[in-house]
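Derivation of every value follows stated rules applied to the coordinates shown; laboratory data play no part. Since this is a predicted model, take the numbers as computed values, not measurements. FYI the Cβ positions are ideal-geometry reconstructions off the backbone, even for glycines, and counts take in every protein chain you see.
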Amino acid sequence: MTAPLTPVQEFLVERLGETVVEAHAFRGDATLVVARERVVDALRAVRDEPWRFEVLVDLTAWDRYPAEPRFEVVYHLLSLKRRERLRIKTRIPGHDPTVPSAVSVFAGANWFEREVWDLFGIRFAGHPNLTRILMPDDWEGHPLRRDFPLTEEPVEFHGHVPKVPSQIVPRVGPVREDP
Amino acid sequence: MTLARETLTINMGPQHPSTHGVLRLVLELEGEVIASCQPVIGYLHTGIEKEMENRTYHQNIALVDRIEYLSSYHEELAYCMAVEKLLGVEVPKRAQYIRVILCELNRIASHLVWLGTTGIDLNVSSLLMYCFRDRERILELSEMVSGQRMMPGYFRIGGVAADLPEEFPSAARRFLEEFPRRLDEYEAMLTDNLIWRRRHEGVAVLSREDALAYGVTGPTLRGSGIPYDVRKAFPYSSYDEFEFDIPTGEHGDAYDRYRVRMEEMRQSRRIVLQALDRLPDGPVLTPDRKVALPPRAELVRSMEAVIHQFKLVSEGLHPPKGEVYAAVESPRGEKGYYIVSDGSNRPVRVRVRAPSFSNLQALPTMVRGGMLADVVVAIASIDIVLGDVDR
């Protein structure tokens, strides 16, 4: 875990100063955890010369429930010029799940952020069209949250007994109350 | 007096043969010209990522097959590589080569489906029959190795499930010897075909800048002239030991993407032949008993093997706490897995970085200002798999 920082990590630590919470390279994946106010600054700083991390390969999140800060939003960047990957993360509390949108820096962040909003309920401030993308528009809740249990939908087939609540027991969190 | 300009909004899909699955496009038309295009996705969302959080690392191999279902071997490879990276496990050389052979054959099979379905979209329906004839040969090879034509479930964390059957190398060679002639036939039929060219050239142009901004990868990105291929940029599974070229286009139109994929099939054949020639001897699964099941024969002799077997089957493996990202070059682009582990036998989060998702996001840019009929070509040319888009 104590591998030396890569040059781009050092650059960002210097540029963002105190707002860098953590820097490590577990299994060789250079990772930086940044305060959420500075995450867009960080993305923009490494996108431009000389680093050219100009491809936002992936933007996702995961739920640390019941720990706080609850969510971690993860940005995977790629520099074609340097043949290098960089992971930038930010942690946000469960009571205020909001992050500044990265659409102004990477156009491709648009759908990724919609997906994260859809599945985790994390809001992206400044997103042009933050609507559900994978789940139906009238869906309630955000399924990839850890306290959203894995249930089966009752399917109306003759002779089929629907298993609700699910027999697959979720590891954490309360069982969703059936309406 | 000015004429009122009215636009017509139509739905293309979700049930439309040329959307290659269940994709809906809300198109705003000015006459026959696309004013705006808004893809609506999610019809095939199955919650695989959620499902994976509730299963052990081994069980998930069966699930990942079903995401990008035309290239299951790549899907399995990406997932296994991510778990192996998390565990810090070495994969034996022979297993790495076997993985390369199957992945490259799978790439050819997947590109053949793309070519055949593009043919159907453009009313060259005989092409589909030819392509599926060849693809059938690859599926037979897959069946020979894994028992399954699709959804093989053949790769394991730390290697592959079983060694190649004895008759496999010769059968694979027989196919690969015939294959270039077939490709030549298709190219003779299409590459300089007037209709084919008119439908493809200058259609659905994607500039380098847009391709990068949207995170487009795979043949779609290389068609726009950027030679990024995960196999070359971040070699995995011994890809650095094979000679192959990365074809690129210049104009970023559908025709360039067609040329890139045709050439990729030839390059894949080259890689498989090299791998078959130099296939090393040795085990096909890591000897680490905390990761991979012990061989059957050992179970009758060794108590320890029985314990390992029992622990792995009943509980699964426990990777260390941490997070990793591993990516492979699937036929559609960069297929990545981001796995977060808390040290227990089930992942906390498995994120599937889907190339089709990013590539589809660039579609509105490609079709805007073009003709309605060209939307069909645009969708075919980015070769999306809706299972991959919606997961």
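Points worth noting:
- Whether the protein assembly as shown is rounded, prolate or oblate, judged on the alpha carbon gyration tensor where a/c under 1.5 counts as rounded: rounded
- Along the axis of the charge dipole computed for the protein assembly as shown (Cβ charges of +1 for Lys and Arg, -1 for Asp and Glu, origin at the Cα centre), the listed residues B:8, B:47, B:341 are led at the positive end by B:341.
- Subtracting the Cα-Cα distance of residue B:126 and residue B:298 from their residue separation scaled by 0.36 nm leaves 56.7 nm.
- Within the stretch A:71-152, DSSP assigns beta bridges of which about 75% are antiparallel (rounded to the nearest 5).
- Estimated distance in nm for a label pair at residue B:15 and residue B:140, the labels positioned 7 Å out from Cα along Cα-to-Cβ: 3.6
- Whole-Å distance, taken between Cα centres, linking the stretch B:165-209 and the stretch A:65-95: 40
- Nearby lysines by direct alpha-carbon distance to residue B:232 (threshold 16 angstrom, same-chain neighbours under 8 apart not counted): A:81, B:335
- Shape call, chain B: gyration tensor on alpha carbons, a/c limit 1.5: prolate
- Debye, to nearest 20: dipole size of chain B, +1 on Lys, Arg Cβ, -1 on Asp, Glu Cβ: 700
- Spatial separation of Cα centroids for the stretch B:1-47 and the stretch B:79-140, in angstrom: 31
- Burial ordering of A:90, B:217, B:191, fewest other beta-carbon atoms within 10 Å first: B:191, A:90, B:217
- For q = 0.17, 0.21, 0.24 Å⁻¹, Debye-computed log10 I/I(0) when each Cα of the stretch A:7-125 counts as one equal scatterer: -0.80, -1.23, -1.54
- Sites residue B:36 and residue B:281, calculated FRET efficiency, Cβ-Cβ separation with R0 45 Å, nearest 0.05: 0.15
- Rounded, prolate or oblate (a/c below 1.5 giving rounded, otherwise prolate when a/b exceeds b/c) for the stretch B:143-194 by Cα gyration tensor: prolate
- Lys, Arg +1 and Asp, Glu -1 on Cβ, resulting dipole of the stretch A:7-125 about Cα centre, debye, nearest 20: 260
- 222 nm mean residue ellipticity, helices alone, for chain B (DSSP H n ≥ 4; -39,500 (n - 2.57); rounded to 500): -15000 deg cm²/dmol
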